[in-house]
Structure formats: C-alpha cells, structure tokens
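The values are calculated or read from the model by the stated rules, or taken from the named source; none is laboratory data. Because the structure is predicted, anything quoted here is derived from the model rather than measured. Cβ sites come from the backbone with ideal geometry, for glycine too, and all protein chains shown count toward neighbours. All accessible areas refer to the heavy atoms of the entire protein, side chains included, with ligands and DNA or RNA removed. Shrake-Rupley method; radii C 1.70, N 1.55, O 1.52, S 1.80 Å.
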Amino acid sequence: MGDHDRGKSLSISSMSECTSSNKMKPALTPRKSSTVPERTGHVSVLVEKFMIVWGGYNDDYDPYHLAYLPPHEVWLYDTEFKVWFVSKNRDIIPVPASGCSACAQGDYMYVFGGHSGLGYLNTLYKLHLSTLQWELVTPESSSPSPSPRDKTVSWFYDKKFYTFGGYGMIDYSKDNLFLEEVRSFCQDETSDLRGWNNQLCVFDFITMKWSIAETKGQKPSARAAHSAVRFGCKVFIFGGRHMNLRLNDLHCLDLSTMTWSGSLCVSSEQPEGRSWHTASAVSTNQMFVYGGFNNNCVPLSDAWILDVASLSWTQLTHFPTNKPRLWHTACVTHNQEVLVFGGCGNNILANEEESQVDHRNDILLFQLQPYTLSRLCLECAYRHRVRLGAQWDSLPRQFSDWLNRKEDLDIQLLMSTDTGSESHSDSDSEGGTTRTGQTCVIS
C-alpha cells in the first residue's frame, strides 16, 4: 500500500549504538544481505529512512515447519547505508502469515488480515516503531469484525484504519460475529465458503469499533491482490483479481465526502490487467506501478507512472524488462527511490513438480531522479577511502559523521559471523544481474 503520508516516529537511527540505560530502544547489529530470508506475500512500509519488513512465506524456508516466515522477526533496511538489521521479539507477536496488508501512521505500523496455517485472518496488530514491540488491537466487545480475508489493501486517515477488498471467508451467519454485507461478496466457483469482496471496512480508534463505511457513487467490483495509494483525502485503487480476470481499471475514493468515482477514464495507453503488483506515491500527484501477474499467468516487469491530476499513464521504457516480480512490496525513500523487495520471479501458480517458486530477497532500486551532488561526493569519498580517509575529519561534521558511520557498519559486517558469503561492501551493482540478497540500482 503506497501512502504519501508516511510514519515519522521511528527512533532507531542509531540502533547499533543504543546503551543499556535506554532499554526501550532495540540494540541491533547489521546483518549480511545474504541472511535475509527470501519471501513472497510479506508487508513492508517506509518510516524515516528504514524499510520495515514482516511476514510472508517461502515453501523452502524450513522443510520441517509451515512455509510462513518467523513472526517474531522484524527486518529493517537502512536505505541510506544499504544495510539490513533484524529485531527478534518473543513477547506478543502476530500469527505467522502472508497476504496481510500494512500501513504506517504516527508511532505505529498497522498489519491486518492475511492467511496462516490456521486459515484466513481478520486480526489487526500494531507495531510500536520506537520499540519494535507488537500489540494486538482489540475492538470493543460488542463490535463485529470484518470476515477473515487476505490480499486486501489498507490505509490510515483521520484516526481511522481502512481496508478494502480481499479474498477469504464468506459468512452469512446471524450471530453478529462478522460485519455483514452479502452483496459485497463474489463467490469463488471452486469453493462454497470463499470469495472476493468489495467491502470498505473501517476501524475507528476513538470508538474502538469496526464498521462498513457508508459511501456514495459506484464502488469498484469485488477484487483481491489489487493496490491502493492515498494522496491526501483521495485514495486510488488499481487492478487486482476478480474471479478469473485480472483487472486494469482505476477508481478513486474521496475520503472527505466518502464518494466513489466509478471506473475512471484515462487519456492514454494504460497498463494491462494485473494482480499482485505494487503501487506507490512518488510525488504529490504521481503513482508508480511495478510488476504483477497478468491474465496469461506471466510475471511482469514493466513500470508505469500515473499522473492522478491528468489521469494519464506513462510507461517508463528506460528500465530493464528482465526483472519480473509479483506479490512483492515497494517503498519510496525521501530521495524518490522506489525499493522493490522480495516477491516471486516466476509463475507462482505453476505445478510445483514442473517449477519451483522463485522466492526473492533482493532489492530492485528504481532511481526516479538524479542523486544530489552532496550524496555523489560522499559516495565518491567513501569509495576512495584508502586515499581520502585521513582527510574526512576536515569535512563539515555531518559529512565526516556519515562517512565514519558507513565505515563502522562495513567493519561490523566484515566481522559478522552470519552465514553467507556476501559482504555489504559488494552489495550494490549498477544494473546487470544480481546475486541473492543484493541491491540492484536501476537508473
């Protein structure tokens, strides 16, 4: 879920330097990129300069257990220094799951729904960004909840958590256990109990109750594995799967009036129908769409920009087309870089005997604007540190601190006992092929 208003309260910019007198902040050490578990169907959000990653699954992660990634692990990627950290929590943790939705707001990352070994989920958790501790959000006792589902989209607005669509259990019971709106479900022909929905469910953090939002206008059709991006009070919904069709329609919800636009007409060529793609806000009026899974079950590697003001699509043809991803995540840094992490690189629905799922743990970094001169100079000074290192302390304090911090992290990685052969110093490659866990910069 892309959101132009990102969380802003992650107080872990010096995570590996935390002291025992500040026990609320997790003390973490850098981890080699090769140790990051490959995964599909996870969630990630960007808070300050950190990409926070949780959950997902990998069929080959542990042959003796379920394929879901360990729920007590929260991975953090420092987008400034290109270093991974991991936090491990043995207290309250969510059920291991994939297909959840997530968004960040204020001091928390919120995670909803998903699919686990127990089936579909409808729980809402929040991760305290200053402590990396989980907390279950418990509705008021008389409040019915959304039916269990996965592959929804979520966003936060005006002290309310919103989630739209998804695939999961259809419940027609009269015991007020779930929010009922029978017409919002489209039943899966292969199952009597599951289907797609177009419910817009809202959790109000003032009343601590779930409800189905009252809206005007024509709602999008029931769907799952779609995308949503919020620009101020407007949310744009794109694509997703409806029964056997992967869509490419575009809808807008005005949160100030709770009015749906109906399917919007665009004034240009538009992306083909897809699900399991990502969409992210890269400016106040531009949405970046990458990858997904088309109607021919082909993983996609195309990149598009939607101008939400003019409702026009532009395909970014200068990016390589040989890096397909589906059911990945994407985050946008403050330097307007899009970080595509994880996901699947081949046909996820293929027969396992014919093809194994290509789970990924590398990062595709899409550079949408030139780097600043100061950043280029810093990276040059670090690259030539053998010759220039003795002169770092003569630079302005913020520059010398940056160079020394980067060197310190690289030394910690070189001394790390993590398994894997890769070190952070060779984790960047300018285009071309990438090894597992690396960052590929795509300019």
Could you work out the pair-distance distribution P(r) of the range 366-408 from its alpha-carbon pairs, with 10 angstrom bin width and percents rounded to whole numbers? 27, 54, 17, 2
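Report, as a whole number in µm² per second, the diffusion coefficient that Stokes-Einstein gives for the range 41-106 at 25 °C and 0.890 mPa s using the Kirkwood radius over alpha carbon pairs.
193
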Less than 20 Å from a label point 7 Å out along the Cα-to-Cβ axis of Asn285: which backbone N atoms in the range 301-323 qualify, by residue? 304-316
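Roughly speaking, to the nearest percent, how much of the range 81-130's 1.4 Å accessible area is carbon and sulfur?
Values: 790 of 1630 Å².
Using a 1.4 Å probe with all protein chains present, the range 81-130 comes out at 49 percent carbon and sulfur.
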Who wins for biggest fluctuation among Asn122, Asn322, Asn294 in a Gaussian network model of the chain, springs between alpha carbons below 10 Å? Asn322
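Compute the projected area of the convex hull of the Cα atoms of the range 140-261, averaged over all viewing directions, and report it in nm² to one decimal place.
Details: hull surface 29.4 nm².
That works out to 7.4 nm².
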Spelling it out for Gly262: with amide H atoms placed in the peptide plane at 1.01 Å from N, the residues 5 or more places away or on another chain with amide H under 5 Å from its amide H are Gln218, Cys252
Output needed for the range 211-295: three equivalent-ellipsoid semi-axes, defined as square roots of 5 times the C-alpha gyration tensor eigenvalues, in descending order, whole Å. 20, 16, 12
Of all the accessible heavy-atom surface of the range 294-383, with the other protein chains kept in place and a 1.4 Å probe, what percent is carbon and sulfur? 50
Quick one: what does P(r) look like for the chain with 20 Å bins over all Cα pairs, in whole %? 25, 58, 16, 1
Can you give me the Cα centroid spacing of the range 212-257 and the range 371-412 in angstrom? 45
Mean shadow area of the range 99-201, taken as a quarter of the surface of its Cα convex hull (nm²): 7.2
Amide H to amide H, which residues 5 or more places from Leu179 or on other chains are under 5 Å from it, using H placed in the peptide plane? Ser145, Ser147
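Sum up the charges of everything whose Cβ sits under 11 Å from the Cβ of Gly56, counting Lys and Arg as +1 and Asp and Glu as -1, but leave Gly56 out.
Once all neighbours under 11 Å are counted, the net charge is 0.
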Restricting to Cα pairs under 8 Å and 6 or more apart, the percent relative contact order of the chain works out to 13
Which one of Ser33, Ser116, Ser310 has the biggest mean-square fluctuation once the chain is modelled by GNM with Cα springs under 10 Å? Ser310
Length released on extending from Ile305 to Asp188, taking residue separation times 0.36 nm less the Cα-Cα span: 38.9 nm
Heavy-atom surface of the chain, accessible at 1.4 Å and reported per residue (Å²): 44
Choice from Phe238, Phe112, Phe205 with maximal GNM fluctuation in the chain (Cα, 10 Å cutoff): Phe205
Taking the alpha-carbon set of the range 344-398, what are its Rg and Dmax in Å? 21.1, 61
For a label point 7 angstrom out from the Cα of Ser263 toward its Cβ, which stretches of the range 229-252 have the backbone nitrogen within less than 17 Å? 237-252
May I ask for the angle, rounded to the nearest 10°, between helix 373-383 and the longest principal axis of the chain, with both axes built from Cα atoms and the value confined to 0 to 90°? 60
Could you work out how far helix 397-414 tilts from the main Cα principal axis of the chain, as a 0 to 90 degree angle to the nearest 10? 80
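Ranked from highest to lowest mean number of other Cβ atoms within 10 Å per residue, what is the order of the peptides 158-165, 375-382, 100-107, 267-274?
Numbers: 158-165: 21.0, 375-382: 14.6, 100-107: 22.9, 267-274: 16.9.
Highest mean packing first, the order is 100-107, 158-165, 267-274, 375-382.
Please find the FRET efficiency linking His334 to Val298, where r is the Cβ-Cβ separation and R0 is fixed at 22 Å, and quote it to the nearest 0.05.
Numbers: r = 34 Å, r/R0 = 1.53.
Calculated transfer efficiency: 0.05.
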